[in-house]
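Let me begin by presenting the structure, written as structure tokens, before commenting on it.
The values are calculated or read from the model by the stated rules, or taken from the named source; none is laboratory data. Everything numeric here is computed off the predicted structure, so don't read it as measured data. Here the Cβ positions follow ideal geometry from the backbone for every residue, glycine too, while neighbour counts run over all protein chains shown.
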Amino acid sequence: MILTKDAKINYLNIGLMILSAGLSFFLPFETFLIAYAFLGPLHYLTEISWLHDRQYFSTGKYDYIVLLIIGILLSFAAFSQDFQFHTEIYDYFAKTNLFDKLLVLGLFSAFLFVFVKNIWIKLVAILFLYIYISGWLSPQATQGKPSTMIFALTSLLPTLIHVYLFTGLFMLFGALKSRSKTGLLSIGFFILVPIVLVFFLPVNGEKGNLTDYGKNAYYAEGNGFFNTNVSLMRQFEMTPQMTNKEYINLFVKDSLEKKELNSRWKNSMDKEFIIPNKDHPNYKNSISLADAKEGEPKDNWWDLVFFSSVGVMLMRFIAFAYLYHYLNWFSKTEVIGWHKVPKVRFVGVITLWLIACGLYLYDYATGLSFLFFLSFTHVLLEFPLNITSVVGIGKESIAIARNGFNKKN
């Protein structure tokens, strides 16, 4: 049987998924670090170039400037912290929760850019959106443990939602639009492969292949992805939570109070300790044992991130999602056509990519700091495309329901 070009690409992608899973199984941290440092910058540059030629899938020629400004503001604040340059800027962003506000504003604004043509309506709507978001995501409203929705919109959106969910939606849109059965097959593998990788393959963190370089680069002097893993494990309670007994042992020093609590909680000593103080930002929430212990958060979370079973399982998924996200983009070069640009721009892209690789080779933390603008802004600029893909999935699904899978409108 002679395979079509579409089928060849889809089978290639299934192979790339298996390759990504294999590398993520044996070297999850190093696989992620290498992919992010060397494939990531080339992906950012080529995708931004491709999006620019397609007006960023927006109705207005200059809509992207709003997203670009947000990227500049967030990057400058992060830069000020990393290099201790006007740190009051970062402090202001952190104090007012401006990082989250601007990110969510970018997402909501993208809906306007896709569906609204009138520039004045867009500008007025963005102003009202910001007023609403400022109240919704004010420091007082978001103190303590964030809700799952807020965590998804602020922490997962530029990371795992971008590289896994949006990649899957883009693939699904393409498969439905071309009525490709092999495309749908690749979607099935895209869902099943990480499930097998994470939940069905053996895990032994203590005997893993993690190198000292992998640990240090992933932590990157406190500015690396270590904190992302901690926030995920903390938010979804993947690690042991403090129990009533541990609360007594850790925090109760008075012998009479300790005796009273032991008597009161004798039948529930192994239950999770739920914060009863109404004035506490985490009121009615449990707390991770790693956060409850004395000492530096880095030291308390270090073994959980790098050597625990749940830490390794989480990292396998992160590594798979990022590596395949990049490989999927480059495998569809002929279909997407990101390489069809003027020679001067192509040379510029390659030059910037080589500089980025050099920065990561020199020092991973330095590479992360200098490449933050490029990595984060490409996420923002892709929002209209993500929305367009979701709308396209809906339209194609309706057309298929009406006319059958093998028929086009």
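Residue-wise test of (1) of a type in the set (Gly, Ala, Ser); (2) touching a Leu at 6+ places or on another chain (Cβ under 7 Å); (3) at pLDDT 95 or above.
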position	(1), (2), (3)
Leu3	no, no, no
Ala7	yes, no, no
Ser20	yes, yes, yes
Phe25	no, yes, yes
His43	no, no, yes
Phe57	no, yes, yes
Ile70	no, yes, yes
Leu74	no, yes, yes
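For region 23-34, state whether one or more residues are surrounded by fewer than 19 Cβ atoms within 10 Å (Cβ to Cβ), of a type outside the set (Phe, Trp, Tyr) and either over 28 Å from Leu352 (Cβ atoms) or touching a Lys or Arg at 6+ places or on another chain (Cβ under 6 Å) (or both). Checked region 23-34: no residue is surrounded by fewer than 19 Cβ atoms within 10 Å (Cβ to Cβ), of a type outside the set (Phe, Trp, Tyr) and either over 28 Å from Leu352 (Cβ atoms) or touching a Lys or Arg at 6+ places or on another chain (Cβ under 6 Å) (or both).
Applying the set (1) part of a helix (DSSP H, G or I); (2) aromatic (Phe, Trp, Tyr); (3) over 30 Å from Gly174 (Cβ atoms) to Tyr283 leaves exactly one unmet item: (1). Among residues of region 301-345 being surrounded by fewer than 17 Cβ atoms within 10 Å (Cβ to Cβ), within 30 Å of Ile9 (Cα to Cα) and not hydrophobic (A, V, I, L, M, F, W, C), the one that is nearest to the chain's Cα centre (by Cα) is Thr333.
Residue-level check: of (1) part of a helix (DSSP H, G or I); (2) surrounded by fewer than 17 Cβ atoms within 10 Å (Cβ to Cβ), Leu3 misses just (1).
Residue pairs whose Cβ atoms lie under 8 Å apart, separated by 6 or more positions or on different chains, with the first residue in region 274-289 and under 20 Å from Asn300 (Cα atoms) and touching a residue at least 12 places away in the same chain (Cβ under 8 Å) and the second part of a loop (DSSP other than H, G, I, E, B) and aromatic (Phe, Trp, Tyr), are Ser286/Phe273; Ile287/Phe273.
Filtering region 260-272 to residues that are small (Gly, Ala, Ser) and either over 41 Å from the mean Cα position of the chain (by Cα) or in a helix (DSSP H, G or I) (or both) leaves only Ser263.
Checked against (1) over 34 Å from the mean Cα position of the chain (by Cα); (2) surrounded by 12 or more Cβ atoms within 10 Å (Cβ to Cβ); (3) in a helix (DSSP H, G or I), Asn249 passes all but a single condition, namely (2).
Scanning region 55-89 for residues that are in contact (Cβ under 8 Å) with a residue 60 or more places away in the chain, part of a loop (DSSP other than H, G, I, E, B) and under 25 Å from Ser109 (Cα atoms) returns Ser58, Gly60, Asp63. Within the bounds of region 193-205, is there any residue that is farther than 30 Å from Phe173 by Cα, hydrophobic (A, V, I, L, M, F, W, C) and surrounded by 12 or more Cβ atoms within 10 Å (Cβ to Cβ)? Yes, some residue in region 193-205 is farther than 30 Å from Phe173 by Cα, hydrophobic (A, V, I, L, M, F, W, C) and surrounded by 12 or more Cβ atoms within 10 Å (Cβ to Cβ). So if I check each of Glu257, Glu294, which one is farther than 23 Å from Leu33 by Cβ, part of a helix (DSSP H, G or I) and among the charged types (D, E, K, R)? Matching residue, one of Glu257, Glu294: Glu257. Pairing residues of region 240-252 that are farther than 8 Å from Phe273 by Cβ with residues that are buried (at least 16 other Cβ atoms within 10 Å of the Cβ) and among the charged types (D, E, K, R), at Cβ distances under 9 Å and at least 6 apart in sequence or on separate chains, gives Pro240/Glu246.
Listed by position, the helices (runs of 4 or more DSSP H) contained in region 102-189 that have at least 2 residues being hydroxyl-bearing (Ser, Thr, Tyr) are 119-136. Does Phe83 qualify as being of a type outside the set (Lys, Arg) and at pLDDT below 95? Criteria met by Phe83.
Can Leu352 be described as in a helix (DSSP H, G or I), surrounded by 13 or more Cβ atoms within 10 Å (Cβ to Cβ) and modelled with pLDDT of 90 or more? Give the steps one after another, and end with the answer.
Details: in a helix (DSSP H, G or I): yes; surrounded by 13 or more Cβ atoms within 10 Å (Cβ to Cβ): yes; modelled with pLDDT of 90 or more: yes.
Yes.
Here Val379 does not fit the description of being part of a helix (DSSP H, G or I), under 27 Å from Leu210 (Cα atoms) and within 19 Å of the chain's Cα centre (by Cα). With respect to the conditions (1) hydrophobic (A, V, I, L, M, F, W, C); (2) buried (at least 19 other Cβ atoms within 10 Å of the Cβ); (3) modelled with pLDDT under 95, Leu102 lacks only one, and its number is (3). Residues that are under 26 Å from Ser178 (Cα atoms) and assigned to a helix (DSSP H, G or I): does region 23-43 have at least one? Yes, region 23-43 contains at least one residue that is under 26 Å from Ser178 (Cα atoms) and assigned to a helix (DSSP H, G or I).
Could you please find all residues in region 389-402 being β-branched (Val, Ile, Thr) and crowded, with 17+ Cβ neighbours inside 10 Å?
Ile393
In the condition set (1) crowded, with 18+ Cβ neighbours inside 10 Å; (2) of a type outside the set (Val, Ile, Thr); (3) within 20 Å of the chain's Cα centre (by Cα), Glu237 is compliant with all but (1).
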